[in-house]
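Peer 1: Have a look at the structure that comes next, please.
The values are calculated or read from the model by the stated rules, or taken from the named source; none is laboratory data. Since the structure is predicted, the reported quantities are computational estimates derived from the model, not experimental observations. Just so you know, the surface numbers come from the protein's heavy atoms only, side chains and all, with ligands and any DNA or RNA stripped out. Shrake-Rupley method; radii C 1.70, N 1.55, O 1.52, S 1.80 Å.
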Amino acid sequence: MKDSKYIWPIKPKYKVAEHDKWGIRKNHYVLFKERAHSGFDITADIGTEVHPITSGTVLLAEFDGTTTEGFDAFNDGYGIKIASKSFFTMCFIVALLNDDGRRVVYGHLREILVKPGDKVTTTDIIGKTGSSGGSRVPHLHLEIRKSNTEETGLAYTIDPLELLPDIDLNSLTEEFT
């Protein structure tokens, strides 16, 4: 059973491609080689409202131009991102989390509606989806880190599908145009 304190930041509506998932991308869509992906990408229309997946405090809300998963020239980082630290210790999945919370990054935003220090809940709108940074299509990059760290990569992150409410991603039939 998953913890009910988590929600989807946006409701998935478009088909999920293999390269959108957390884990190893067997054939990266630009680099055409194997590469780790430390988040889950949810394709969305530009301007879709983004909610925090659980309550927390905004750590930063800024443009990020750093390279996020290697040093490839095409990848200009997360673009506009918001990061928050959750204050909830999970019950059933505590083995996957540190007791002091985790950092959640919401990347490739078009607009930010919060500032550092803001306390947010799942009913708040923290930003709107876009296609900023190293993004090819509008989507939300959701990255859940195991602790409050700036480190990224598979060793420091959790597959969001392990924490978010179950949804049948195979039932999504709409294609993004």
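Peer 1: Please give the length that would be gained between Lys13 and Asp159 if that part of the chain were fully extended, namely 0.36 nm times their separation in residues minus their C-alpha to C-alpha distance (nm, one decimal). Walk me through the intermediate numbers first.
Peer 2: On the way: separation 146, 0.36 × 146 = 52.56 nm, distance 1.93 nm.
Full extension of this stretch gives 50.6 nm more.
Peer 1: Shifting gears a bit: Compute the accessible area per residue over segment 101-177, keeping the other protein chains in place, probe 1.4 Å, unit Å². Don't jump to the answer; show the numbers that get you there.
Peer 2: Details: 3680 Å² over 77 residues.
About 48 Å² of surface per residue is accessible.
Peer 1: Hey, if we sort Ser131, Ser147 by accessible area with the 1.4 Å probe, largest down, what's the order?
Peer 2: On the way: Ser131 45, Ser147 25 Å².
Sorted descending by solvent-accessible area, the residues read Ser131, Ser147.
Peer 1: Mind ranking Tyr156, Tyr14 by accessible surface for me, highest first, 1.4 Å probe?
Peer 2: Tyr156, Tyr14
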